[in-house]
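The values are calculated or read from the model by the stated rules, or taken from the named source; none is laboratory data. These figures come from a predicted structure and were not determined experimentally. Virtual Cβ from ideal backbone geometry, glycine too; neighbours counted across all protein chains shown.
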Amino acid sequence: MVSGIHRKTVAYIDKKAITANVQQEIQRLDKKAVLYAVVKANGYGHGAIEVARAAKKGGAAGFCVAILDEALELREAGFTEPILILGLVDVAYAELLALNKLSVTISSLAWLEQAREIIKTSKCNQKLAIHVALDTGMGRIGIRTIQELREMEQWLDKNELIYFEGIFTHFATADSSDEKQFEQQAEKFNTLVNSLHRKPPFVHTANSATALWHKSCSSNLIRFGIAMYGLNPSGGALPEPYKLIPAMKISSEVNYIKQMQQGDTIGYGATYSAKEGEWVGTVPIGYGDGWRRDLQGQDVLVDGKRCEIIGRICMDQCMIRLPYEVEEGTEVILVGQSQNQSITLQDIANHLHTIHYEVACGLAARIPRKYV
Ligand SMILES: *Cc1c(COP(=O)(O)O)cnc(C)c1O
């Protein structure tokens with residue numbers, strides 16, 4: 001996939017912000033708890049490898065990813081820390097998992113039985129570490145009953161090739177001020193975990209929201225994702241217990257400027273008609289960069305002034321209404337600060353009626369990530 005390194009449109013990633021966010025969270029944790037940096041989906045669009053480095057610098061003891069390939073990417077980059085894959089992996093790759101010392105999430109006994117056979121016949125001489133997912137109300141993956149858990153524990157006790165490293169759940173509403181669902185899930189989790197005869201080394205529940213707002217919830221492994229990138233998991237509904245520092249800035253330039261006459265139109269569908277004398281700039285970013293077409297009407301910043309995106313956003317370009325004539329090459333801030341004005345990923349998410357997670361993940365590979 002091509003990255004547009006000869007174009008001015010860039011996502012700048014502040015590594016110090018990531019390191020600082022991790023450090024701040026670690027300061028709040030129990031001494032016995034560890035933080036794993038969640039770098040799935042290319043580090044929420046920020047770049048998995050560089051984010052992993054910055055997080056490690058801040059004290060992250062390991063990493064979480066969603067899929068096997070993301071784990072292998074980290075191993076290939078030289079990371080030897082523990083890596084937990086949060087999604088289900090085809091059992092056919094059991095040996096590959098073991099050989100790369102990747103911990104994997106499991107949701108069924110059948111998977112374990114097949115994995116053991118594969119590892120036994122492969123003679124790879126490496127145990128496979130697993131974390132058992134418990135579905136306590138997320139309804140996604142994980143076992144749901146004490147009976148299933150018992151059966152699994154008994155099986156694990158007898159099988160040397162599989163290492164019972166962890167057990168965990170995921171909350172559906174940890175970012176909400178209504179705590180009813182959260183309490184129900186926590187109770188279910190505790191009941192399930194307490195039914196074990198022997199607890200594995202890691203018992204964990206905390207994503208960012210749980211870590212920030214449910215400190216009492218016992219977890220000796222924190223799966224720290226969105227907050228590490230400096231974004232409030234609740235989108236602002238709940239206050240941050242400490243200042244999260246946003247890591248991403250997106251900037252581009254005005255690469256063409258012109259003055260319009262009354263009634264001149266802008267963009268596909270000619271949906272915008274200019275007023276006499278308006279200055280309009282073109283910015284080289286569009287929906288082919290993940291700068292979604294629905295962002296028509298959103299502001300960008302030029303010289304600390306808010307400028308509206310006018311007309312439809314094209315695949316590779318969009319147009320903005322300028323307050324006055326500016327030089328070609330003038331910087332355009334799409335996400336970030338300019339003088340006393342700022343536009344956050346949350347603002348973009350609000351405009352799109354979605355969450356900042358999706359905006360960050362949706363930025364295309366065509367936008368180069370530069371690390372500062
Ligand atoms: C993605 C994910 C996380 C991280 O969530 P954030 O809200 O980004 O902190 C933690 N746990 C699981 C199981 C996940 O899938």
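For segment 189-213, what are the residues that are surrounded by 17 or more Cβ atoms within 10 Å (Cβ to Cβ), in a helix (DSSP H, G or I) and more than 11 Å from the ligand (Cβ to nearest atom)? Scanning segment 189-213 gives F189, L192, V193, W213. Considering segment 232-256, and only residues there that are more than 16 Å from the ligand (Cβ to nearest atom) and surrounded by fewer than 17 Cβ atoms within 10 Å (Cβ to Cβ), the residue that is nearest to T173 (Cα to Cα) turns out to be P239. Note on segment 22-47: residues that are free of Cβ contacts under 8 Å to residues at least 60 places away in the same chain, among the polar types (S, T, N, Q) and under 14 Å from K215 (Cβ atoms) amount to 1. Do we find that I167 is of a type in the set (V, I, T), away from the ligand (no atom under 16 Å from the Cβ) and assigned by TED's automatic domain parsing to the domain that holds I119 in this structure? Against the criterion (of a type in the set (V, I, T), away from the ligand (no atom under 16 Å from the Cβ) and assigned by TED's automatic domain parsing to the domain that holds I119), I167 does not qualify. A Cβ distance below 8 Å, combined with a sequence gap of six or more or placement on separate chains, defines the contacts here; from segment 86-98, residues that are assigned by TED's automatic domain parsing to the domain that holds A206 and more than 18 Å from E160 (Cα to Cα) reach residues that are part of a loop (DSSP other than H, G, I, E, B) and within 16 Å of the ligand (Cβ to nearest atom) in the pairs L86/A66; G87/A66; G87/I67; G87/I141; L88/S107; L88/I141; V89/I67. Among the residues examined, Y268 does not qualify as touching a strand residue (DSSP E or B) at 6+ places or on another chain (Cβ under 9 Å), farther than 28 Å from K15 by Cβ and aromatic (F, W, Y).
Every residue, every condition in (1) assigned to a helix (DSSP H, G or I); (2) surrounded by 15 or more Cβ atoms within 10 Å (Cβ to Cβ); (3) more than 16 Å from the ligand (Cβ to nearest atom), yes or no:
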residue: C124; (1), (2), (3): no, yes, yes
residue: A129; (1), (2), (3): no, yes, yes
residue: E151; (1), (2), (3): yes, no, yes
residue: A174; (1), (2), (3): no, yes, no
residue: E183; (1), (2), (3): yes, no, yes
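The set of residues in segment 214-228 that are in contact with a His (Cβ under 8 Å, 6 or more places away or on another chain) and near the ligand (Cβ under 8 Å from one of its atoms) comprises R223, I226.
Taking the criterion of being under 21 Å from P201 (Cβ atoms), surrounded by fewer than 22 Cβ atoms within 10 Å (Cβ to Cβ) and of a type outside the set (S, T, N, Q), the only residue of segment 94-108 that qualifies is K101. With respect to (1) over 30 Å from A20 (Cβ atoms); (2) surrounded by 15 or more Cβ atoms within 10 Å (Cβ to Cβ), the lone exception for K275 is condition (2). Scanning segment 6-34 for residues that are within 16 Å of the ligand (Cβ to nearest atom) and charged (D, E, K, R) turns up E25, R28. Scanning segment 35-79 for residues that are within 11 Å of the chain's Cα centre (by Cα) and either within 15 Å of the ligand (Cβ to nearest atom) or crowded, with 24+ Cβ neighbours inside 10 Å (or both) yields a total of 15.
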